[in-house]
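Below: the structure, in structure tokens.
Here, each number is a calculation from the coordinates, and none is a lab measurement. Everything quoted here is computed from the prediction, not taken from an experiment. Cβ: placed from backbone, ideal geometry, glycine included. Neighbour counts: every protein chain shown.
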Amino acid sequence: MELFTICIVIFLGLLFTYTNGFHDTANAIATVVGTKVLTPRQAIVLAAITNLLGAFFGLAVAKTISSGIVDSAFITQPVLICVLLSAIFWNLLTWWYGIPSSSTHALVGSLIGAALAAAVCLNAAKPMADADGKPVSVWTSIKWMEVKTKKEKKLAIEEPKPEVIAALGDKRQINGTHTIEIGGKKVQVVAFSGRVREVIEKEKTEKAGVYYKVVIPMITSPLTGFFAGLVVMAGLYAFLRSWRPVTVNRLFGKLQLASSAYMGFSHGMNDATKCMGIITLALVAGTKAGLFVNVPDWMSFMRTGEGSDPLSLNIGDHFIGMLPNWLQFGYMPSPVDVKSQGVPAWVVIVCALTMGAGTAAGGWKIIKTMGHKMVKLQPVHGFAAETTAATVLAVTGSMGMPVSTTHAITTSIMGVGCAKRFSALKLKVIERILWAWILTLPATAGVAYFLVWVMNKFGWITF
């Protein structure tokens, strides 16, 4: 039965990724369709390919979703099912009405609501207490604010010393993280395409929890998108004021292909990784419980090892490694932490393909809202909005912040529209979008809470 439950979690995780793909297709292609640089079908092909590539790079958001928001002690497999059902429901509801809401915040809100419901049900069955026997609030199931100091492994900028290169020897040609011994001291180095960098440790104050990883980015990323879009567009107006409109449209029609691809890549890097963390959690729990010991050989891929292989590279690293050195631009993969659980390659591939398939299905209603109803766009406006939003996503994604792709691109379009003139914005449409943003977290938290509570009452979820 537990094995069946894990299979349901994996299926729902992929279903959420699929709905995320067609729900958020508009994030990457609405502007390029609205400016008529590409037809909808051409734009969807571009978005599907770039989403697929982006999903192979960066797993920081996956780690935040899987461990940085709620206490994992309250997230069992059946609870995860409720989380995913709630997030899928919200995606489908907002897609049906053509409202560009956040799939990221739908998943985060569902996690919060489900964890809180699990704590309430657990407390009702057996009052929670700390080590001293004092009552503990159910609100501790949510990681609200966490500030901790930890050692972070980073790559040194300069070349390693000659003795490090000598100690590494022929291992220099083997890509991955190597541990060598120099003078009785262990040193870690990363080798990639013949390049070598030493791993150094620095103390870092990490801020985690809902407040730092969700609430603050939820406010700052739309504001950043809006004002950056406004500034970028104002700068372009000043720079292009003496250009002929035909020349501007011709140039930025070509440049918008690049900015749209950049947006699609950032979207894949930020959004496809969310469910990778959830599916990996389910696999790790199943492996520790011994559920995959007696499975047929064709299901053995579901077993996960403890920790990560120091020589492992993610699929994005392998892709870059296939390029000629002059096209790698000195790229170096991050050092592998052997103590942390890596995301299995098949999970990355399946989630990436599912996101790409969802993107290919298209989200025509949301594309219509963002590409046509909010503000009338020309290629130069689309270029400014996409470049701004994609940069916001790339920066926050590398920091592990589950920022809404929808919020970033929508507010960038608003900023670009305001640079044109404030009256260019269609405020009634924008008001409807803003209300969807405000309601996403509480609505999905409420749905997930209700699902867990009902399933507990009927005995389908026990604590």
Phi-derived 3J(HN,Hα) across the range 256-261 with the Karplus relation (6.51, -1.76, 1.60, θ = phi - 60°), rounded Hz, x for Gly and Pro, is 5, 4, 5, 5, 5, 5
For the pair Ala125 and Tyr211, the simple spin-label estimate (label points 7 Å beyond Cα toward Cβ) gives in nm 3.1
Once fully extended, how much extra length lies between Thr149 and Cys7, figured as 0.36 nm per residue of separation less the alpha-carbon to alpha-carbon distance? 47.4 nm
Please give the contour-minus-distance gain from Ile165 to Phe329: 0.36 nm per residue of separation, less the Cα-Cα distance, rounded to one decimal in nm. 56.9 nm
Peptides 197-209, 256-268: what's the order by average Cβ count within 10 Å, highest mean first? 256-268, 197-209
Give the peptides 102-114, 37-49, 77-89 in descending order of average Cβ contacts within 10 Å, highest first. 102-114, 77-89, 37-49
How large is the Kirkwood hydrodynamic radius of the range 147-203, counting all unique pairs of alpha carbons, in Å? 11.9
Quick one: Karplus J couplings for the range 136-153, per residue in order, coefficients 6.51, -1.76, 1.60, θ = phi - 60°, nearest Hz, x for Gly and Pro? 10, 5, 5, 5, 6, 5, 9, 7, 6, 9, 9, 10, 9, 9, 9, 8, 10, 8
Amide H to amide H under 5 Å from Ile182: which residues, 5+ apart in sequence or cross-chain, H placed 1.01 Å off N in plane? Val187
Give the shape of the range 73-140 as rounded, prolate or oblate, defined through the alpha-carbon gyration tensor: a ≥ b ≥ c are the square roots of its eigenvalues, a/c under 1.5 means rounded, and otherwise the shape is prolate if a/b is larger than b/c and oblate if not. prolate
Report ³J(HN,Hα) in whole Hz for each residue of the range 198-208, in order, from the Karplus equation J = 6.51 cos²θ - 1.76 cosθ + 1.60 where θ = phi - 60°; Gly and Pro get x. 7, 8, 10, 10, 10, 6, 9, 8, 9, 9, 10
To the nearest 20 Debye, how big is the dipole of the range 64-198 about its Cα centre, given +1 on the beta carbon of each Lys and Arg and -1 on that of each Asp and Glu? 220
Amide H of Ala208 versus every other amide H placed in the peptide plane: which residues, excluding those fewer than 5 positions away on the same chain, fall under 5 Å? Glu146, Val147, Lys148
